[in-house]
Amino acid sequence: MSAAREALGARLRMMQAADLPRIGEIEHSAYQYPWSPGIFRDCLLAGYCCLVIEEDRSIAAYAIMSIAAAEAHVLNVCVAPEYQSRGLGRRMMLALLERAEQAGAERVLLEVRPSNAIARALYDSLGFVEIGLRPRYYQAHSGREDAVVLCLEAAAIPRRPAP
């Protein structure tokens with residue numbers, strides 16, 4: 001089965017507070033420096049766009065995006081390690097971009113570690129372009145790692161093909 005077909009079988013929905021324990025598990029398994037449970041709770045309370053993808057009744061991926069002043073900012077996108085390479089990251093990003101467009105965002109911004117080649121390839125394939133660098137943005141083993149700032153203008157947001 002193709003990765004795209006497998007991703008289509010997963011269910012996309014809004015994140016709920018009851019999802020936070022599973023999201024915390026995924027966050028800790030996927031990142032060396034995970035977000036705290038409080039950060040996720042604050043994002044929900046702030047009304048950010050918080051999505052999850054369920055596969056087999058288990059959360060397989062999640063994402064959080066803020067939208068303000070005609071700008072969307074992707075804050076966190078994560079696919080559980082055991083669900084990676086199934087197209088879920090792409091599906092999640094397309095869902096975020098669709099919501100940003102619906103909200104009238106003129107651009108979508110995000111930061112990514114230069115060392116995260118898989119994420120960089122996904123963002124490049126979606127049309128994001130590098131617009132800057134945030135020095136020493138991320139915690140790392142050897143101190144701090146820079147963040148590459150990427151941007152996608154609304155006119156370049158990929159459109160889903162009509163069914």
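The separation of region 67-96 from region 139-155, counted between C-alpha centres, amounts to 15 Å. Relative contact order of region 3-156: 19 percent, from C-alpha pairs under 8 Å at least 6 residues apart in sequence.
Run lengths n ≥ 4 of DSSP H only: what is the helix-derived mean residue ellipticity at 222 nm for the chain, with -39500 (n - 2.57) per run over all residues, to the nearest 500? Walk me through the numbers before you get to the answer.
Details: 5 runs with 50 residues, N = 163.
Helix contribution divided over all residues of the chain: -9000 deg cm²/dmol.
Given +1 at the Cβ of Lys and Arg, -1 at the Cβ of Asp and Glu and no other charges, the dipole of the chain around its Cα centre is 180 debye to the nearest 20.
Can you pull a Stokes-Einstein diffusion coefficient for region 3-156 at 10 °C (1.306 mPa s), Rh from Kirkwood over Cα pairs, as a whole number of µm²/s?
Values: Rh = 15.9 Å.
In µm²/s, the coefficient rounds to 100.
Inter-label distance, Arg11 to Arg134: 3.4 nm, where each label sits 7 Å from its Cα along the C-beta direction.
Ranked by the mean number of other Cβ atoms within 10 Å per residue, highest first, peptides 127-135, 105-113, 88-96, 53-61 order as 88-96, 105-113, 53-61, 127-135. Ordering of 74-80, 116-122, 137-143 by packing is 74-80, 116-122, 137-143, highest average first (other Cβ atoms within 10 Å, averaged per residue).
Where a number appears in this text, it was derived from the coordinates with a stated rule and is not lab data. Not measured: the values here are computed from a predicted model. All Cβ positions, glycine included, derive from the backbone under ideal geometry; neighbour counts span all protein chains shown.
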